[in-house]
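Participant: Next up is a structure, given as structure tokens.
The values are calculated or read from the model by the stated rules, or taken from the named source; none is laboratory data. Keep in mind the model is a prediction, meaning the values are calculated, not measured. Cβ: placed from backbone, ideal geometry, glycine included. Neighbour counts: every protein chain shown. These area figures cover heavy atoms from the full protein model, side chains too; ligands, DNA and RNA do not enter into them. Shrake-Rupley method; radii C 1.70, N 1.55, O 1.52, S 1.80 Å.
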Amino acid sequence: MLRRTFLGMLGAACVGASLPAGAEAAGKEFKGYPGSKGVLFDATRCIGCRKCEAACNKVNKLPKPEKSFDDLAVLDERRRTDAKTHTVVNKYGTPEHPVFRKSQCNHCLEPACASACFVKAFKKLPNGAVVYDESVCVGCRYCMVACPFEIPTYEYDEPLTPRVMKCDMCAARQDKGQLPGCVAECPKEALVFGEREELILIARERIRRNPDRYVRHIYGEDEMGGTSWMYLSGVPFKEIGMREDLGTKSAPELTAGALAAVPMVAGLWPVLLGGIYAVSKRNAKVADEERKEAVENAIAKASAEAEKTLSDALEKADVANKRQIEVEVKKAVEEALKPVEEEPEGSDEAGNSEKEES
Amino acid sequence: MSTPASNGPKSAFNTFNLVAGAILVVGLILTVLRFTQGIGPVTNLDDNNPWGIWIGFDLLCGVALAAGGYTTSAACYIFGLKRFHSAVRPAILTAFLGYALVVFALQYDLGRPWRLPYPIFVSQGTTSLLFEVGLCVMLYLTVLFVEFTPAMFEWLGWKKIRKVVVKLTLVLTIFGVVLSTLHQSSLGALYTIAPSKLHPLWYSPYMPLYFFVSSIAAGMSMVIFEGSMSHKKLHRMMDEEYLKHHDGVVFGFGKAAALVLFGYFFIKTMGVAYDNNWHYLVSGYGLLFLTEMLGFVALPCFLYAVGVRDRNLSLIKKASIITVLGIVFNRFNVSMIAFNYHLPAADRYFPSMTEIGISVFIVTLGVVIFRFITTRMPIFFEHPDYKGDH
């Protein structure tokens, strides 16, 4: 009784401890904060001037790069964001028809980094930006594993206070009513800042007006549950280094199943294992009792048998005795009747027969 | 039975101590390097490959191979298989050391290791599977420590507190199984968030189940493997009770491991069928996957079964080695080889010598501590004062 009560409490405690995780994971589909902001990048307008890179470097006070932002030769190599660069522009396509694509944090509606972080260092703000709080970051880098766009980067050379570095959509500038650095600097209006809902309408309108110019897809509208940054392109997105196999499930949806199983395991396992324990203990007890019973039975049976053998033996002995007495009596009678004839021989025979019988 | 004190190695300068000592010295130098230079200069990690061998081997393999603790204690105390009793203490000790070293190894990989308690005490990221892993590992490490303490109390002669802890055995065992189920599976679930990065043959929504089931096989194989290793090196510390039951434990776990591996093979195959990934089998990664499934799951499953049928101890021990290697192979595949498979070869990760050095250092540390404890405390033998008292 006591054990059962305790196991029940244990189960309840486990469920209680893990419930928030499960409950949040099983949340409904989230389509972004109403009125949240975003940016639309149009690859057909980008000319690869790297002004956005320079602006980003300046407003985020990042270290100066080795080669200046005017050096367009760097476009020939494939680059990715790193701890000192929150955005890069890469060149794709053929030399005659180059296509440029800017990459930076896409500010997912349900960010993989935020859902993966075990100290809530990442947060999706109502204005659309996904921001990072270094004051709690442990530096486990699971956010980098989780991000399908390979955006978060890390200060690997920092021995004591490494940070995860990524674009924060200039959240601080947004608060002051300013545009993100890159958007403000873009000379070709390849970047449009605005409400996400508006941007989707603008993108659709562009595709509708110039069906030959665009691929009929707004990248980021649904990818990984939707992102605040979205892309238009004249060539398939795959050709400008964007994965088309990410699907539309958000990161929390991907892990919801595993998280939902937690309270179930914590709740059911103790009961199940307690049950198995009880059964195995009962089995052992029953086996023990059966063994005892079997031993008792065996003893009883053996003693009964022994008794029977004894009584049989006694009976036999009794019969034998009687017969012997009869034989003796007979002999005595015979002897008594014959003494006159051969006295010496007869006494000898009698002695012999007596020896044989005994 | 002789007293433990007279049983230590004869000279401090034996081969084992010299090799282990050299490794530990190198490890300490690497440790200084890591904490003064940062992660970057001592590892091949980069922005595309944030997790390397320190997570893939030290954490994933370490936790899987320490699964002997919960499997053995569950077999003995919950399923009532009393003949496994002699294997419980070595298994609990291995598990405790395994987890302690996992946490220790994590200090190298974390950017700000002193903040390790943050997820539990400062800012709880409950939507993260890593949070679950952290919480469970912390609690389980505590449980394992408490489960280990009776051996220590017997060594120290603290009878009263030992009696209290022994009374908690069943509750601790159940708690341990719950926590193990959760974090073993969560390690697999960590990767469910990255379907675009892990090769489809390994990625599956069933990954938590795969990690959990394979950890059972790993735990049992590790008990067999480590038992036979200890037999060779620490035979002098074993009492008749342990030796009498040892073969029975090997056969029992061999049989169970054969079944678990069979089931594991089956659910892995179902995973391939579920996502209709058959066509990937005829590729380079397909070959890798088939090697893992046939060479490191089906083969040891078969060897275990034959070994148990023929009462062939050495065959079972071989099967346990293959299974242990198979688990390492599988965790490497998930965390490194089949991870980031889409990246060009130049961007792929291969561990640096320093990273490997730290991992070797940590394993050596584990072996040294294991030896220290087993040559002193009642692990392979029953303490004379507590004979038959369990």
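Here's the yes/no breakdown for (1) surrounded by 13 or more Cβ atoms within 10 Å (Cβ to Cβ); (2) within 9 Å of chain B (Cβ to nearest Cβ):
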{"position": "A:PRO252", "(1), (2)": "yes, yes"}
{"position": "A:ALA266", "(1), (2)": "yes, yes"}
{"position": "A:TRP269", "(1), (2)": "yes, yes"}
{"position": "A:LEU272", "(1), (2)": "yes, no"}
{"position": "A:ILE299", "(1), (2)": "no, no"}
{"position": "A:ALA306", "(1), (2)": "no, no"}
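Participant: Now, a different point. For the structure I just gave you, tell me whether B:ALA298 is aliphatic (A, V, I, L, M) and under 20 Å from B:ALA218 (Cα atoms).
Facilitator: On the way: aliphatic (A, V, I, L, M): yes; under 20 Å from B:ALA218 (Cα atoms): yes.
Yes; evaluated as a whole, the condition is true for this residue.
Participant: If we only count helices (runs of 4 or more DSSP H) wholly inside region B:24-122, which ones have 1 or more residues that are within 12 Å of another protein chain (Cβ to nearest Cβ), under 19 Å from A:LEU160 (Cβ atoms) and open to solvent by 10 Å² or more (accessible area, probe 1.4 Å)?
Facilitator: B:39-42, B:85-109, B:118-121
Participant: Right, another one. Quick check, is A:GLU293 within 14 Å of another protein chain (Cβ to nearest Cβ), of a type in the set (Asp, Glu) and out of contact with any Ser or Thr (no Cβ under 6 Å at 6 or more places or on another chain)?
Facilitator: Details: within 14 Å of another protein chain (Cβ to nearest Cβ): no; of a type in the set (Asp, Glu): yes; out of contact with any Ser or Thr (no Cβ under 6 Å at 6 or more places or on another chain): yes.
Here the answer is no, as A:GLU293 does not meet what is asked.
Participant: Being aromatic (Phe, Trp, Tyr), more than 30 Å from B:VAL282 (Cα to Cα) and modelled with pLDDT under 90, is that true of even one residue in region B:234-242? I'd like the intermediate steps shown before the answer.
Facilitator: Step one: of region B:234-242, the residues aromatic (Phe, Trp, Tyr) are B:242.
In the following step, the residues that additionally are more than 30 Å from B:VAL282 (Cα to Cα) were identified as B:242.
The next check asks that each one be modelled with pLDDT under 90; those that pass are B:242.
Yes, that holds for at least one residue.
Participant: Please find, within region A:235-246, the residue that is least open to solvent (accessible area, probe 1.4 Å) out of those that are part of a loop (DSSP other than H, G, I, E, B), more than 7 Å from every other protein chain (Cβ to nearest Cβ) and out of contact with any strand residue (DSSP E or B) (no Cβ under 7 Å at 6 or more places or on another chain). Step through it out loud before you land on a result.
Facilitator: Here is the first cut: in region A:235-246, the ones part of a loop (DSSP other than H, G, I, E, B) are A:235-236, A:241-246.
Subsequent filtering for residues that are more than 7 Å from every other protein chain (Cβ to nearest Cβ) retains A:235-236, A:241-242, A:244.
Pick out the ones that are also out of contact with any strand residue (DSSP E or B) (no Cβ under 7 Å at 6 or more places or on another chain) and you get A:236, A:244.
Numbers: A:PRO236: 60, A:GLU244: 103 Å².
The selected residue is A:PRO236.
Participant: Taking the stated definitions as given, is A:VAL271 more than 23 Å from A:VAL88 (Cβ to Cβ) and part of a helix (DSSP H, G or I)?
Facilitator: Working: more than 23 Å from A:VAL88 (Cβ to Cβ): yes; part of a helix (DSSP H, G or I): yes.
Yes, satisfied.
Participant: Ok, one more. Please verify whether region A:119-128 includes one or more residues that are polar (S, T, N, Q), more than 13 Å from chain B (Cβ to nearest Cβ) and in contact with a Leu (Cβ under 9 Å, 6 or more places away or on another chain). Break it down into steps so the answer makes sense when it comes.
Facilitator: So in region A:119-128, the residues polar (S, T, N, Q) come out as A:127.
Within this subset, residues satisfying the condition of being more than 13 Å from chain B (Cβ to nearest Cβ) are A:127.
Subset that is in contact with a Leu (Cβ under 9 Å, 6 or more places away or on another chain): none.
No, there is no match, as no residue in region A:119-128 is polar (S, T, N, Q), more than 13 Å from chain B (Cβ to nearest Cβ) and in contact with a Leu (Cβ under 9 Å, 6 or more places away or on another chain).
Participant: What number of residues within region B:272-318 are of a type in the set (Gly, Ala, Ser), under 22 Å from B:TYR206 (Cα atoms) and in contact with a helix residue (DSSP H, G or I) (Cβ under 7 Å, 6 or more places away or on another chain)?
Facilitator: Step one: list which residues in region B:272-318 are of a type in the set (Gly, Ala, Ser), which gives B:273, B:283-284, B:286, B:295, B:298, B:305, B:307, B:314.
Then keep just the ones that are under 22 Å from B:TYR206 (Cα atoms); that gives B:273, B:286, B:295, B:298.
Within this subset, residues satisfying the condition of being in contact with a helix residue (DSSP H, G or I) (Cβ under 7 Å, 6 or more places away or on another chain) are B:286, B:298.
Count: 2.
Participant: Also, quick follow-up: Here are the criteria: (1) over 39 Å from the mean Cα position of the chain (by Cα); (2) in a helix (DSSP H, G or I). Tell me which single one A:ARG213 does not satisfy.
Facilitator: Condition not satisfied by A:ARG213: (2).
Participant: Right, something else. Output the number of residues of region A:170-180 satisfying the condition of being touching a helix residue (DSSP H, G or I) at 6+ places or on another chain (Cβ under 7 Å) and outside any loop (DSSP other than H, G, I, E, B).
Facilitator: The total comes to 1.
Participant: A follow-up question, please. Kindly evaluate B:ILE161 against the criterion of being open to solvent by 20 Å² or more (accessible area, probe 1.4 Å), touching a Phe, Trp or Tyr at 6+ places or on another chain (Cβ under 9 Å) and within 13 Å of chain A (Cβ to nearest Cβ).
Facilitator: Details: open to solvent by 20 Å² or more (accessible area, probe 1.4 Å): yes; touching a Phe, Trp or Tyr at 6+ places or on another chain (Cβ under 9 Å): yes; within 13 Å of chain A (Cβ to nearest Cβ): no.
No: the conditions fail for B:ILE161.
Participant: Spot the failing condition for A:ALA184; the list is (1) assigned to a helix (DSSP H, G or I); (2) under 22 Å from A:PHE30 (Cα atoms); (3) away from chain B (no Cβ under 14 Å), and only one is missed.
Facilitator: Of (1) assigned to a helix (DSSP H, G or I); (2) under 22 Å from A:PHE30 (Cα atoms); (3) away from chain B (no Cβ under 14 Å), only one is false for A:ALA184: (2).
Participant: Would you check if A:THR87 is open to solvent by less than 20 Å² (accessible area, probe 1.4 Å), closer than 29 Å to A:ARG50 by Cβ, facing chain B (nearest Cβ under 10 Å) and of a type in the set (Val, Ile, Thr)? Spell out the reasoning first.
Facilitator: Details: open to solvent by less than 20 Å² (accessible area, probe 1.4 Å): yes; closer than 29 Å to A:ARG50 by Cβ: yes; facing chain B (nearest Cβ under 10 Å): no; of a type in the set (Val, Ile, Thr): yes.
So A:THR87 does not fit the description; no.
Participant: Take A:ALA146 and decide whether it is among the aliphatic types (A, V, I, L, M) and either away from chain B (no Cβ under 14 Å) or open to solvent by 60 Å² or more (accessible area, probe 1.4 Å) (or both).
Facilitator: no
Participant: Out of all the residues in region A:207-229, is one or more within 20 Å of A:LYS91 (Cα to Cα) and exposed (fewer than 15 other Cβ atoms within 10 Å of the Cβ)?
Facilitator: Within region A:207-229 (the criterion being within 20 Å of A:LYS91 (Cα to Cα) and exposed (fewer than 15 other Cβ atoms within 10 Å of the Cβ)), the answer is yes, since at least one residue qualifies.
Participant: Going through region A:42-76 one residue at a time, which ones are in a loop (DSSP other than H, G, I, E, B), among the β-branched types (Val, Ile, Thr) and touching a Cys at 6+ places or on another chain (Cβ under 8 Å)? Before the answer, list the steps.
Facilitator: Of the residues in region A:42-76, the ones in a loop (DSSP other than H, G, I, E, B) are A:43-50, A:60-71.
From what is left, the residues that are among the β-branched types (Val, Ile, Thr) are A:44, A:47.
Within region A:42-76, no residue meets the criteria.
Participant: What residue, of A:GLU189, A:GLU197, is assigned to a loop (DSSP other than H, G, I, E, B) and surrounded by fewer than 20 Cβ atoms within 10 Å (Cβ to Cβ)? Walk me through it before giving the result.
Facilitator: Numbers: A:GLU197 fails: assigned to a loop (DSSP other than H, G, I, E, B).
Exactly one residue qualifies, and that residue is A:GLU189.
Participant: Here are some residues: B:VAL260, B:VAL306, B:VAL297, B:VAL250. Which one is of a type outside the set (Gly, Ala, Ser) and over 23 Å from the mean Cα position of the chain (by Cα)?
Facilitator: B:VAL306
Participant: Could you tell me which numbered condition A:GLY177 fails, if it satisfies all but one of (1) within 14 Å of another protein chain (Cβ to nearest Cβ); (2) free of Cβ contacts under 8 Å to residues at least 24 places away in the same chain; (3) surrounded by fewer than 21 Cβ atoms within 10 Å (Cβ to Cβ)?
Facilitator: Failing condition for A:GLY177: (1).
Participant: Mind checking whether some residue in region A:275-294 is open to solvent by 80 Å² or more (accessible area, probe 1.4 Å), hydroxyl-bearing (Ser, Thr, Tyr) and assigned to a helix (DSSP H, G or I)? Break it down into steps so the answer makes sense when it comes.
Facilitator: Start the filter on region A:275-294 by keeping residues that are open to solvent by 80 Å² or more (accessible area, probe 1.4 Å), which leaves A:279, A:281-283, A:285, A:289-293.
Filter once more, keeping what is hydroxyl-bearing (Ser, Thr, Tyr): none.
No, every residue in region A:275-294 fails to be open to solvent by 80 Å² or more (accessible area, probe 1.4 Å), hydroxyl-bearing (Ser, Thr, Tyr) and assigned to a helix (DSSP H, G or I).
Participant: Follow-up question, since we're still on this one. Answer yes or no as to whether B:SER314 is within 17 Å of the chain's Cα centre (by Cα) and hydroxyl-bearing (Ser, Thr, Tyr). First the steps, then the outcome.
Facilitator: Working: within 17 Å of the chain's Cα centre (by Cα): no; hydroxyl-bearing (Ser, Thr, Tyr): yes.
In short, no.
Participant: Turning to a different aspect of this structure: Quick check on this structure: which one of B:GLU147, B:GLU154 is charged (D, E, K, R), more than 7 Å from every other protein chain (Cβ to nearest Cβ) and buried (at least 23 other Cβ atoms within 10 Å of the Cβ)? It would help to see each step written out before you state the result.
Facilitator: Working: B:GLU154 fails: buried (at least 23 other Cβ atoms within 10 Å of the Cβ).
None of the others qualify; the one that does is B:GLU147.
Participant: Looking at region B:281-295 only, could you name the residues that are open to solvent by less than 30 Å² (accessible area, probe 1.4 Å) and within 18 Å of B:HIS342 (Cβ to Cβ)?
Facilitator: Taking region B:281-295 as the starting set, the residues that turn out to be open to solvent by less than 30 Å² (accessible area, probe 1.4 Å) are B:286, B:289, B:292-293, B:295.
Answer for region B:281-295, where residues must be open to solvent by less than 30 Å² (accessible area, probe 1.4 Å) and within 18 Å of B:HIS342 (Cβ to Cβ): B:GLY286, B:PHE289.
Participant: If you don't mind, another one. Write out, first by first residue and then by second, each pair whose Cβ atoms fall under 9 Å of each other, whose residues are 6+ apart or on separate chains, and whose first residue, in region B:327-350, is closer than 19 Å to B:VAL63 by Cα while the second is surrounded by fewer than 23 Cβ atoms within 10 Å (Cβ to Cβ) and among the polar types (S, T, N, Q).
Facilitator: From residues that are closer than 19 Å to B:VAL63 by Cα, the pairs are B:PHE329/B:THR291; B:MET336/B:ASN49.
Participant: I would also like to ask the following. If you check B:PRO378 against the conditions, is it over 30 Å from A:GLY241 (Cα atoms) and touching a residue at least 40 places away in the same chain (Cβ under 8 Å)?
Facilitator: Working: over 30 Å from A:GLY241 (Cα atoms): yes; touching a residue at least 40 places away in the same chain (Cβ under 8 Å): yes.
Yes.
Participant: Of all residues in region B:296-330, count the ones that are among the hydroxyl-bearing types (Ser, Thr, Tyr) and open to solvent by 40 Å² or more (accessible area, probe 1.4 Å). If you could, list the steps in order and put the result at the bottom.
Facilitator: So in region B:296-330, the residues among the hydroxyl-bearing types (Ser, Thr, Tyr) come out as B:304, B:314, B:320, B:323.
Those still in the list that are open to solvent by 40 Å² or more (accessible area, probe 1.4 Å) too: B:314.
Looking only at that region, the number is 1.
Participant: Give the residue, chosen from A:ASP82, A:ASP157, A:ASP76, that is of a type in the set (Asp, Glu) and either more than 21 Å from B:GLY40 (Cβ to Cβ) or more than 9 Å from chain B (Cβ to nearest Cβ) (or both).
Facilitator: On the way: A:ASP82 fails: either more than 21 Å from B:GLY40 (Cβ to Cβ) or more than 9 Å from chain B (Cβ to nearest Cβ) (or both); A:ASP157 fails: either more than 21 Å from B:GLY40 (Cβ to Cβ) or more than 9 Å from chain B (Cβ to nearest Cβ) (or both).
Testing whether each residue is of a type in the set (Asp, Glu) and either more than 21 Å from B:GLY40 (Cβ to Cβ) or more than 9 Å from chain B (Cβ to nearest Cβ) (or both) leaves just A:ASP76.
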